[in-house]
Amino acid sequence: MSDPLWLELRATGRLAGRPAIYYETVDSTNTAAMALGRQGAASGTVVVAEQQSAGRGRLARQWLSPPGCGLYFSLLLRPHLAPEELARITLAVGVAVCRALEQTTALAPQLKWPNDILLHGGKCGGILTEAEFPGNDQPPLVVVGIGLNVTTPAAALPVTLRQKATSLFIDSGRHHHRGALLLAICREIDRIMEQLVAGDFGTLLAEWRQRDGLAGQRLAWLTPQHTVVHGVSLGPDQSGALSIRDDAGTIHTVISGDISLAAPSP
Ligand code: BTN
């Protein structure tokens, strides 16, 4: 199936006029983008790979990145944001990915805090945001990596992931062009970053909450101390942290750890 923007990207190293670095294979586009950033690459540079040999996810997980069926890319950004505002980026990028999917497909994506893109409850994509601080009053070097299962058939998903993972193709029965998706996501990230830097996280948070796949649901939070807290999701707050009300009524502010749906209370 011809994918004109993908072909242009491979042939020219550009994507509709924006600087793009294309790899047939790379360890991780996030690692490559951060290295380019340290060497001075411009904000807005996108690093794309057909496949990754060591794709990374949140909590040091592996991101499977086989060729031909997924979108694996990282965007290099130098936003004028304070360190405590950086947690907002992952949520805002989630909104950007949903907007782009809604514009270019007939899908209805949802979000799971902090970084999952869902289709009918299955994970079709994830976001990995990493930052470094060059110092000398320079803006942080931020790399936003996105992995999206696009044309992946169910049979190509590892058996252990089949209950939880999905792809655009599995969800819709349709093949979508990776080039068009990539361009739409990059454009929407440009927009949300403008909004974030202008100080308008509130509007993005409201949009995130409209697509919150866990709103009001009972959750189990596996804390970094390896304890489990059961409670109801109250959604993310202004800082980007998730609020959970436990069974005793205590509100917990979650900034890391793993969240999963819990069995309903008896
Ligand atoms: C997650 O769900 O935990 C985040 C997954 C992020 C995967 C993408 S694929 C492109 C970029 N390069 C990486 O190594 N990771 C991100």
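Quick rundown of the values:
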read-out: Test item: Cα-centred dipole of the chain, Lys/Arg +1 and Asp/Glu -1 on Cβ, debye; value: 500
read-out: Ordering of 197-209, 26-38 by packing [mean C-beta count within 10 Å, highest first]; value: 26-38, 197-209
read-out: Label-point gap, in nm, between Gln238 and His252 - each point 7 angstrom along Cα→Cβ; value: 2.4
read-out: The stretch 173-238: relative contact order as a whole-number percent, Cα under 8 Å and 6+ apart; value: 25
read-out: Rounded tilt (10° steps) of 201-210 against the dominant C-alpha axis of the chain; value: 70
read-out: Total charge dipole magnitude, the stretch 172-266, about the Cα centre, Cβ charges on Lys, Arg, Asp, Glu only, Debye to nearest 20; value: 360
read-out: Shape call, the stretch 71-135: gyration tensor on alpha carbons, a/c limit 1.5; value: prolate
read-out: Relative contact order (%) - the stretch 133-266, alpha-carbon pairs under 8 angstrom, separation at least six; value: 14
read-out: Förster radius 30 Å - calculated FRET efficiency between Leu7 and Val228, Cβ distance, rounded to 0.05; value: 0.05
read-out: The chain: antiparallel DSSP beta bridges as a percent of all, rounded to 5; value: 85
read-out: Cα gyration tensor shape of the stretch 206-256, rounded if a/c is under 1.5, else prolate or oblate by comparing a/b with b/c; value: prolate
read-out: Length released on extending from Arg38 to Asp190, taking residue separation times 0.36 nm less the Cα-Cα span; value: 52.6 nm
read-out: Length added when fully stretched, Ala108-His175, from 0.36 nm per residue minus Cα-Cα; value: 22.6 nm
read-out: Rg over Rh [alpha-carbon atoms, Kirkwood Rh] for the stretch 124-211; value: 1.06
read-out: Rounded, prolate or oblate (a/c below 1.5 giving rounded, otherwise prolate when a/b exceeds b/c) for the chain by Cα gyration tensor; value: oblate
read-out: Sorted by Cβ neighbour density within 10 Å, fewest at the top, the residues Asp171, Asp247; value: Asp247, Asp171
read-out: Dipole-positive endmost among Ser243, Gln225, His120 within the chain (Cβ charges, Cα centre); value: His120
read-out: Antiparallel bridges, percent of DSSP beta bridges restricted to the stretch 80-190 (to nearest 5); value: 95
read-out: Proximal charge balance of Leu107 [Cβ under 10 Å; K/R count +1, D/E count -1]; value: -1
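Since every read-out is calculated from the coordinates, none of them should be taken as a lab result. Given the structure is predicted, the values throughout are model-derived calculations rather than measurements. All Cβ positions, glycine included, derive from the backbone under ideal geometry; neighbour counts span all protein chains shown.
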